[in-house]
1. State all residues of the range 4-24 that are aliphatic (A, V, I, L, M) and part of a strand (DSSP E or B); if no residue qualifies, say none.
2. One residue is enough: does the range 144-162 have a residue meeting the conditions assigned to a helix (DSSP H, G or I) and crowded, with 20+ Cβ neighbours inside 10 Å?
3. Within the range 151-168, how many residues turn out to be free of Cβ contacts under 8 Å to residues at least 24 places away in the same chain and in contact with a helix residue (DSSP H, G or I) (Cβ under 6 Å, 6 or more places away or on another chain)?
4. Can you find, within the range 277-289, the residue that is modelled with the highest pLDDT among those that are aliphatic (A, V, I, L, M) and within 23 Å of A134 (Cβ to Cβ)?
5. With respect to L210, determine if the residue is in contact (Cβ under 8 Å) with a residue 24 or more places away in the chain, farther than 20 Å from L270 by Cα and either charged (D, E, K, R) or in a loop (DSSP other than H, G, I, E, B) (or both).
6. Go through the range 143-161 and give me each residue that's hydrophobic (A, V, I, L, M, F, W, C) and modelled with pLDDT under 95.
7. Taking strands (runs of 3 or more DSSP E) that do not extend beyond the range 25-137, which have at least 3 residues that are among the small types (G, A, S) and in contact (Cβ under 8 Å) with a residue 60 or more places away in the chain?
8. So which of F183, F160 ends up being over 25 Å from the mean Cα position of the chain (by Cα) and aromatic (F, W, Y)?
Amino acid sequence: MAYKIEEKIVIAVASSALFDLEESHRVFQDQGEDKYRIYQRDNELKILGQGVAFPLIKRLLNINTESTQPVEVVLLSRNDPDTGLRVFKSIEHYKLPISRAVFVTGNNPFRYMEAFNASLFLSANSEDVEKAVAKGYPAGCIYPSEFVDNEDDHELRLAFDFDGIVADDSAETIYQEGKLKEFQIHETKNANEPLPQGPLFRFFHEISKLQKIVSEIRKNDPSYKMKIRVAIATARNAPAHERVITTLRKFDIRVDEAFFLGGIDKARVLSIFQPHIFFDDQKSHIESVAKVAPSVHVPFGITNLKVDLDVHQTTYNIV
């Protein structure tokens, strides 16, 4: 009987997001593929350090219980099976229940997202992520972070920007054209009209479903420790905030905290909320937040037409 992956909440993660591959990538860049292959074999038993997405992936997998297993994580890697063996040995070391993987030997792994029913793809390879988003896949590029995980923290906290992430950028386009007054008028006029779905809406919705599953498990098992908290952190403020609430209500999605910041640095509130992942479509927001929390850039929409998408590419394009 076939495994029913379509019944799972699936996250696809590249090895470059799950682990710290900076040293391995440097070997690949400086010495080429053959030397890289030898290096990975020689260091096969050397455990890789935790990457930016590790705290998120670990907690998502910890949601599963013996009787209820809604979450699946699939490894999508640019490595081939040979060089990828070191990654799987590190997965085993950290006791992560990840058993499914795709190794594509330098090709774009996001092509297999639909085959695995993945609602999100995380990678440190900015080029792969840009191509994935351009083709309509929900994907994000992780940023280096100074975040130090607390192993005793059993709560999973996620923070999302709103426009260009949960919702599309139709309203953001008006704002980015420098028409703040027109933006406020437009959003007030359309306050009762939900915005169309953005690039990570499906993942956002899946997390909402997970919250309900976790709540039910906790109700039936007092010893179960996992909790999920979700926050919206947006540059919107009143009166434009009302359309956010209208959109969430339409899809019956509850968030635990919402920050309508009106241009205040998002890091000021997220340093207190301490998310294990934060998603934003603007690099300028991420660069400050990444100092206090694992962060992901989603290169979607109008804001990314105004920036050089090749920034950081050389540093973070991991094999």
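The values are calculated or read from the model by the stated rules, or taken from the named source; none is laboratory data. Keep in mind it's a predicted model, so treat the numbers as computed, not measured. When we count neighbours, we look across all protein chains shown, and the Cβ atoms used for this are built from the backbone with ideal geometry, even at glycine. Surface accessibility is based on the protein's heavy atoms, side chains included, excluding ligands, DNA and RNA. Shrake-Rupley method; radii C 1.70, N 1.55, O 1.52, S 1.80 Å.
1. Matches in the range 4-24: I9, V10, I11, A12, V13.
2. no
3. 0
4. Checked the range 277-289; the qualifying residue modelled with the highest pLDDT is I277.
5. Criteria not met by L210.
6. F147, V148 - these are the residues of the range 143-161 that are hydrophobic (A, V, I, L, M, F, W, C) and modelled with pLDDT under 95.
7. The strands (runs of 3 or more DSSP E) meeting that bar are 118-123.
8. Being over 25 Å from the mean Cα position of the chain (by Cα) and aromatic (F, W, Y) holds for just one of F183, F160, which is F183.
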